[in-house]
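S.K.: Attaching a single structure in C-alpha cells format; questions to follow.
The values are calculated or read from the model by the stated rules, or taken from the named source; none is laboratory data. Note that the coordinates shown come from a computational prediction; the quantities given were computed from them, not determined experimentally. Please note: Cβ atoms are built from the backbone with ideal geometry, for glycine as well, and neighbour counts cover all protein chains shown.
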C-alpha cells in the first residue's frame, strides 16, 4: 500500500500526518462528476454501471491528495434489490415505488444475494481496486438497518418519520422482523464488498438521531452491533476496520464505541476533545468539520482545520472528515485548501 495513513489511523498506529477523506467526495460539486452523470443519463444508471461508478470514485483522487477512496454507490441499493423499486429524481431525492405497508409486505421480503442481486456493486469494487493499484485504501459501505427501514416504510425521505415510528410503537415485533432481515442483508452485502476488495467498511446511520435514547439502542445501534458481530464471525481475521456513523448521536458516543467498531464517525455538533475524553483510546475518531465551512473563504477554511486538529490534540486515532456529506455547491478549490491544510498543519501533532 503506497499510502496507508487511513488504515493506520483506524488502527490507532503512528502516522506522519492526519489522514483525510470526505463523505460524498465523489459528487455534484465536481464538474467532471456532473459530466459523467450527464453521460450516464440518470443517477441509478451511474450507480449500476461498474465502469462509470469506478470513474466517479476515482475523480476526486485525481484532483486532491486524499488518503482513501470510497465506493460510489447508494445506501438504497439493498431496498432496490429487495424489489421495492428505487428511483432518484433530481431535486427531489430517492423514492421507493413499493413502500412497505403491512407485516405481510415485510414477511415477503427476501434477503438479496450480493453477487447475483447486487453484482454490479461487487464488479465496481473489483474495478476500483484494480485501478487504484494500492495507491490508497478503498472504503466499502452500507446504510444501517434503521436508516434503510425508514426509507422502506416512508417511501422516501421524511421529516416526521411518522409511519416507521408508528410501527415501532404499535408493532415492535414487526419492526424487529424488518430490522433483522436488513441486518442480515447488510452483513452479507458488506462481507461481499470485502471479498471483492474493500479494505475498510463504513455503516451510515443517517437517521438514528431521530430516535429516543432507548429506541436508538433497540432499533438502531443493536442492529449495527449485530452486523459487526456477523462480520467478525464470517470474515474472522480478514474482517477489515469498521466505522460506525450516526448523525445526531453525540449523546450516545460511549455506546457506539462499545459496539465492536474500530472508529466512531462524528458530526459537527460534537467537540472532538469532548468525544476523546469520553471514549478514551478505545477506538479512533473520524470527523468532524461542518460542511458549510467550505462555503467560506480559504483563510477561514484553514482556521477551522487548525481548530479541529488542535481540538483532537496530539496522539493517534484521528481521521479528518466532514461532519456529513459535502454540499453540491462547494468550490473544489476550497476542498483542495482543506486537504492541504490537514496534511500540513497536522504534522506537529504526530511523533
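S.K.: Just to verify a result, which residue in segment 258-294, among those that are at positive phi and touching a strand residue (DSSP E or B) at 6+ places or on another chain (Cβ under 9 Å), is surrounded by the fewest Cβ atoms within 10 Å (Cβ to Cβ)?
M.R.: This residue is 260.
S.K.: Cβ-Cβ distance below 8 Å, separation of 6 or more or different chains: which pairs start in segment 228-240 with a residue that is on the phi > 0 side of the Ramachandran plot and surrounded by 14 or more Cβ atoms within 10 Å (Cβ to Cβ) and end on one that is modelled with pLDDT under 95 and in a helix (DSSP H, G or I)?
M.R.: none
S.K.: Consider segment 57-82. How many of its residues are exposed (fewer than 14 other Cβ atoms within 10 Å of the Cβ) and either out of contact with any helix residue (DSSP H, G or I) (no Cβ under 8 Å at 6 or more places or on another chain) or not in a loop (DSSP other than H, G, I, E, B) (or both)?
M.R.: Adding up the residues that qualify gives 1.
S.K.: Could you go through segment 185-193 and let me know if any residue there is more than 22 Å from residue 110 (Cβ to Cβ) and touching a strand residue (DSSP E or B) at 6+ places or on another chain (Cβ under 9 Å).
M.R.: So far as segment 185-193 goes, no, none of its residues is more than 22 Å from residue 110 (Cβ to Cβ) and touching a strand residue (DSSP E or B) at 6+ places or on another chain (Cβ under 9 Å).
S.K.: Return yes or no: is residue 259 part of a loop (DSSP other than H, G, I, E, B) and either within 14 Å of residue 346 (Cβ to Cβ) or free of Cβ contacts under 8 Å to residues at least 40 places away in the same chain (or both)?
M.R.: Yes; evaluated as a whole, the condition is true for this residue.
S.K.: Looking at segment 125-149 only, could you name the residues that are surrounded by fewer than 24 Cβ atoms within 10 Å (Cβ to Cβ) and out of contact with any strand residue (DSSP E or B) (no Cβ under 9 Å at 6 or more places or on another chain)?
M.R.: 126, 127, 130, 131, 133, 134
S.K.: Within segment 25-42, is even one residue modelled with pLDDT under 95, touching a strand residue (DSSP E or B) at 6+ places or on another chain (Cβ under 8 Å) and either more than 26 Å from residue 282 (Cβ to Cβ) or not in a loop (DSSP other than H, G, I, E, B) (or both)?
M.R.: Checked against the condition, which is being modelled with pLDDT under 95, touching a strand residue (DSSP E or B) at 6+ places or on another chain (Cβ under 8 Å) and either more than 26 Å from residue 282 (Cβ to Cβ) or not in a loop (DSSP other than H, G, I, E, B) (or both), segment 25-42 yields at least one hit.
Listed here are the residues, each with its yes/no results for (1) under 18 Å from the mean Cα position of the chain (by Cα); (2) modelled with pLDDT of 95 or more; (3) over 30 Å from residue 178 (Cβ atoms).
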residue: 239; (1), (2), (3): yes, yes, no
residue: 280; (1), (2), (3): no, no, yes
residue: 286; (1), (2), (3): yes, yes, no
residue: 292; (1), (2), (3): no, yes, yes
residue: 296; (1), (2), (3): no, yes, yes
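S.K.: Only one of 40, 13 is out of contact with any helix residue (DSSP H, G or I) (no Cβ under 8 Å at 6 or more places or on another chain) and either surrounded by fewer than 23 Cβ atoms within 10 Å (Cβ to Cβ) or in contact (Cβ under 8 Å) with a residue 40 or more places away in the chain (or both); which?
M.R.: 13
S.K.: Which condition from (1) surrounded by fewer than 21 Cβ atoms within 10 Å (Cβ to Cβ); (2) touching a residue at least 60 places away in the same chain (Cβ under 8 Å); (3) over 22 Å from residue 200 (Cα atoms) is the one that residue 250 breaks?
M.R.: Unmet for residue 250, out of (1) surrounded by fewer than 21 Cβ atoms within 10 Å (Cβ to Cβ); (2) touching a residue at least 60 places away in the same chain (Cβ under 8 Å); (3) over 22 Å from residue 200 (Cα atoms): (2).
S.K.: Which one of these does residue 100 not meet: (1) in a loop (DSSP other than H, G, I, E, B); (2) out of contact with any strand residue (DSSP E or B) (no Cβ under 6 Å at 6 or more places or on another chain); (3) in contact (Cβ under 8 Å) with a residue 40 or more places away in the chain; (4) farther than 17 Å from residue 150 by Cβ?
M.R.: All conditions are met except number (4).
S.K.: To continue, here is another question. Provide a single number: the residues in segment 163-194 that are more than 21 Å from residue 221 (Cβ to Cβ), in contact with a helix residue (DSSP H, G or I) (Cβ under 8 Å, 6 or more places away or on another chain) and surrounded by fewer than 22 Cβ atoms within 10 Å (Cβ to Cβ).
M.R.: 3
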